[in-house]
1. Anything in segment 172-185 that is aliphatic (A, V, I, L, M) and touching a helix residue (DSSP H, G or I) at 6+ places or on another chain (Cβ under 8 Å)? List them, or say none.
2. Just to be sure I understand, how many residues within segment 213-235 are surrounded by fewer than 16 Cβ atoms within 10 Å (Cβ to Cβ) and either modelled with pLDDT under 95 or in contact with a Lys or Arg (Cβ under 9 Å, 6 or more places away or on another chain) (or both)?
3. When you scan segment 192-204, how many residues do you find that are part of a helix (DSSP H, G or I) and among the acidic types (D, E)?
4. Checking G153 against (1) surrounded by 15 or more Cβ atoms within 10 Å (Cβ to Cβ); (2) of a type outside the set (A, V, I, L, M); (3) closer than 22 Å to P6 by Cα, which single condition isn't satisfied?
5. Please go through (1) assigned to a helix (DSSP H, G or I); (2) surrounded by fewer than 18 Cβ atoms within 10 Å (Cβ to Cβ) for D66 and return the number of the only condition it doesn't satisfy.
6. Which members of segment 188-241 meet the condition of being among the charged types (D, E, K, R) and under 19 Å from S65 (Cα atoms)?
7. Please go through segment 69-78 and give me each residue that is surrounded by fewer than 24 Cβ atoms within 10 Å (Cβ to Cβ) and in contact (Cβ under 8 Å) with a residue 40 or more places away in the chain, ordered by number.
Amino acid sequence: MPEVAPRIRRLGDDIVNSYLVEDGGQVVIVDAGVPAYWGLLPKELAAIGRSLDDVRAVVLTHGHSDHVGYAERARGHGIPIRIHELDAALARAEAPNPAKGFGPTRLVPLLSFLVWSARKGALRIPKIQEVSTFGDGATLDLPGAPVVIHVPGHTPGSAALHFPGHDALFVGDALATYAVTTGRHGPQVAPFTADAEQALASLARLEDIGARLVLPGHGEAWRDGAAAAVRAVRATVETSA
Ligand SMILES: [Zn+2]
């Protein structure tokens with residue numbers, strides 16, 4: 001499975017992303033994808049000379065089930081789960097999904113996503129029993145010292161994570177470079193967004209982050225910087241208005 005950048009790897013394919021970030025011999029996982037990815041972890045960690053014992057935390061960009069994935073499995077191995085305080089209840093499956101329907105869809109990509117999800121175990125996500133939370137602006141005491149940027153809209157507690165030493169910004173579903181519901185590629189508002197207007201407004205919080213690498217929850221890595229990614233999302237809205 002691919003190395004996205006030095007010290008960053010992606011599990012599985014780029015329909016649903018889960019990332020490993022290595023720093024100083026330790027690892028942080030950003031988003032836990034789907035349950036089937038758990039089986040890929042040992043090999044991916046071995047590829048960078050690490051094991052499960054080196055994983056310090058799973059940090060979730062938000063509480064949607066296709067990001068929670070194998071988190072409870074990881075927690076069972078003593079790995080703490082971290083998430084923004086406003087999405088903690090969603091991650092523990094104690095709050096309903098705030099998404100309003102699917103948004104626009106095209107039948108073939110949507111059906112293939114649903115079939116893919118079922119095969120990867122996404123219809124039965126083990127509920128996370130316990131999470132610890134963070135707020136906007138926090139620098140997490142984890143490998144890579146990620147900085148939290150609250151970007152509400154997709155969900156109330158959506159958060160981007162900036163790893164300055166990796167020149168990388170993990171955006172979760174604050175924007176996507178692939179829409180599982182339409183098959184469309186390129187930066188755009190992600191499907192299943194609770195409040196698209198708020199999600200667009202939140203992008204202003206990302207555009208001044210100098211990171212070159214933008215890593216979304218769904219789709220390929222964007223390598224032209226956060227500002228250009230934000231501009232590209234806005235352009236999709238202007239042309240469809
Ligand atoms: Zn989501």
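1. If we filter segment 172-185 for residues that are aliphatic (A, V, I, L, M), which is where we start, we get 174-176, 179-180.
Result: A174, L175, A179, V180.
2. Total satisfying the criteria: 2.
3. So the count comes out to 1.
4. Among (1) surrounded by 15 or more Cβ atoms within 10 Å (Cβ to Cβ); (2) of a type outside the set (A, V, I, L, M); (3) closer than 22 Å to P6 by Cα, the lone unmet condition for G153 is (3).
5. So the condition that D66 fails would be (2).
6. At the first step, the residues of segment 188-241 found to be among the charged types (D, E, K, R) are 195, 197, 205, 207-208, 212, 220, 223-224, 231, 234, 238.
Across segment 188-241, the qualifying residue is only D195.
7. Within segment 69-78, E72, R73, A74, R75 qualify.
A quick yes/no check of all residues on (1) in a loop (DSSP other than H, G, I, E, B); (2) of a type in the set (G, A, S); (3) touching a Cys at 6+ places or on another chain (Cβ under 9 Å); (4) away from the ligand (no atom under 11 Å from the Cβ):
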{"site": "G144", "(1), (2), (3), (4)": "yes, yes, no, yes"}
{"site": "V148", "(1), (2), (3), (4)": "no, no, no, yes"}
{"site": "H154", "(1), (2), (3), (4)": "yes, no, no, no"}
{"site": "A160", "(1), (2), (3), (4)": "no, yes, no, yes"}
{"site": "T181", "(1), (2), (3), (4)": "yes, no, no, yes"}
{"site": "G186", "(1), (2), (3), (4)": "no, yes, no, yes"}
{"site": "A190", "(1), (2), (3), (4)": "yes, yes, no, no"}
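The values are calculated or read from the model by the stated rules, or taken from the named source; none is laboratory data. Just so it is clear, the model here is predicted, and its values are computed rather than measured. Heads up, the Cβs are rebuilt from the backbone with ideal geometry, glycines too, and the neighbour counts pull from every protein chain shown.
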